[in-house]
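> Structure incoming, see below.
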């Protein structure tokens, strides 16, 4: 098994007042040639948007875009005709395909919203643009994986145009959990949303991440009560 450690302190950081964002990979005004992508995982932004703020209507194409609210809610509107709310506990995905335009605004005028904005390079280009979202019960991820994004309908998550899978767990202190890639040759990017864990004797704290590849599976130990996101992706060159 090979690994790449991504300390939270090494993430890119921009603050525009209405937006305070940490970038795990090169994005916008921040570029690091050593952090352009992990396989098909192209973007992981940890965004905090002030009350009343948000991203005005803008375009995307040929990208799988996943949003996971951690605190608060977002108002979403896009060119597929979708106009709704994404709350904490929901997961959203857009297959931008041939082109999609959308906006995301904080649903509150007073409280911050914190969400993860994640981009995955698609398997097939120029598909018909598509939007979906789903609510997930946090109780169903305590000390076990809850699949929230997968191309396999049997996983009961949101469909993605890639051999990729997103899984969440709330792992209690002292507990362990194993992960085996669903697709042969895939790597797994493990992002610690909260708490602290160990993998192969490597300590990984809040907002740290580790990319694991050339592996058939690994075990995570919770050093604290922890919330973890595992993003499995093809290891593109």
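No lab work stands behind these numbers, since they all come straight from the coordinates. Bear in mind that the values here come from a model prediction, so they are computed numbers and not experimental data. A quick note on method: Cβ atoms are made from the backbone with ideal geometry, for glycine too, and the neighbour counts reach across all protein chains shown.
> What's the FRET efficiency of residue 13 with residue 219 using the Cβ-Cβ distance as r and R₀ = 45 Å, to the nearest 0.05?
0.90
> Which order do the peptides 27-34, 112-119, 175-182 take when ranked by the mean count of other beta-carbon atoms within 10 Å per residue, highest first?
Descending packing order for the listed peptides: 112-119, 175-182, 27-34.
> Quick check on the chain: what are the equivalent-ellipsoid semi-axes from the Cα gyration tensor, as sqrt(5λ), descending, whole Å?
With the √(5λ) rule applied to the chain, the semi-axes are 26, 20, 18 Å.
> I've got another one for you. Could you let me know the centre-to-centre spacing of segment 175-237 and segment 1-67, using Cα atoms, in angstrom?
Cα centroid of segment 175-237 versus Cα centroid of segment 1-67: 19 Å apart.
> So if R0 is 22 Å, what FRET efficiency would residue 62 and residue 183 give, r being the distance between their Cβ atoms, rounded to the nearest 0.05?
0.60
> I've got another one for you. Over the chain, what is the percentage of antiparallel beta bridges among all DSSP beta bridges, to the nearest 5?
Approximately 95 percent, going by the DSSP bridge assignments.
> For the residue pair residue 172 and residue 132, what label-to-label distance in nm results when each label sits 7 Å from Cα along the Cα-to-beta-carbon direction?
Taking the two extended label points, one gets 3.3 nm.
> Sorted from largest down, give the three principal axis spans of the alpha carbons of segment 11-135, whole angstrom values.
The Cα atoms of segment 11-135 stretch 39, 35, 24 Å along the principal axes, largest first.
> Using a basic spin-label model with each label point 7 Å from the Cα along Cα→Cβ, how many nm lie between residue 75 and residue 29?
2.5 nm
> Let me ask something else about it. Over segment 138-233, what is the mean sequence separation of C-alpha contacts under 8 Å (at least six apart), divided by residue count, expressed as relative contact order in percent?
32 percent
> Still on this model: Computed on alpha carbon atoms, what radius of gyration and Dmax characterise segment 71-145, expressed in Å?
14.1, 40
> OK, next. Report the calculated FRET efficiency for residue 5 and residue 123 (r = Cβ-Cβ distance, R0 = 22 Å), to the nearest 0.05.
My answer for the efficiency is 0.20.
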